[in-house]
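Please treat every number below as a calculation from the coordinates, not as lab data. This structure is a prediction, so every number in the text was calculated from the model and none was measured. Positions of Cβ are generated from backbone atoms using ideal geometry, with glycine treated the same way; all protein chains shown enter the neighbour counts.
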Amino acid sequence: MTTNYLQIKDNISTNINPNRLERLESIFESLTESYDFIGGIYIVGLSNNICLSNSSLRTNPSGRTDKKRHNFLFSNVKMKKLRNEFANKAIKYEPNMKGVQNNDYLIFRYEGRDEGTLQCRKVLDKYGVRSRFFYRYHDEENPEFTVCFLLMSNKHPDMLTSFCNSVRAELLEELECFHNLVFSSRKVAELNPLTGMGLINNKGHEVIKLIAEGHSRASIAKILFITERGVDYHITKLKIFFDAKNNAELIAKSFKYRIIS
């Protein structure tokens, strides 16, 4: 059952190509199916120690979360539909949220007869989901990000618990390998929550890359078909976002948060 990580890595070119996301999606879908899950969602967000304030990225010493967290969600189309529908109709009733706060490994159960749990079931039943597996991965090399997996199952929660316990080490290793594979592909802007969720738009991302490559304002304007004043606008906006005093610090922070590599 274990997937050969090196074999998976060989299937993904290290060069940017338009099919990268689709190929990663296919690998993730194959991984979940190999463990008899209906599908899964891979979630990357900013750590609670990172907060957004006045359009700048800064450390939050209190550890308190912002009212709005910016997450990057990665899954196949069906799971995205489930996630969106669940978020709109049922997430406020989610009976497992307290457990998520205290556990990195959890089986989501929906056996209550209260109105909120029934509302969750109404959405999940539509997609054939009876229980869900949750895993939070702590990436020590990238502590500025949070990483979570939510895998969907048609098994009774007791059966899913028993199954996951029997393959736990193997399953977690494969999920961690997939995460490492995604982060090794970080040249693709969509794989970073700062760009993937629009906190930094495509034009701003291109400006950062060109500055890092040593292009002048005039050169950047010509390449991106914008005015030099437009280039200045993006640079100023990015400096505010990253709280950078100059271009050198802007580039350094862009590398730190994996906007460029």
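A few points about this structure:
- Compactness of the range 107-261, expressed as Rg and Dmax over alpha-carbon positions, Å: 21.9, 65
- Structural size metrics of the range 194-243, computed from C-alpha coordinates, are Rg and Dmax of 10.3, 29 Å.
- Trypsin sites (Lys or Arg not before Pro) within the range 193-256, DSSP loop, no more than 10 other Cβ atoms inside 10 Å: Lys245
- Amide proton proximity set for Phe145, modelled H, under 5 Å, gap of 5+: Ser47
- Centre-to-centre, using Cα atoms only, the range 224-250 and the range 144-161 are separated by 41 Å.
- One decimal place: the segment Asn84-Arg113 gains 8.1 nm when fully extended, by the rule 0.36 nm per residue minus the C-alpha distance.
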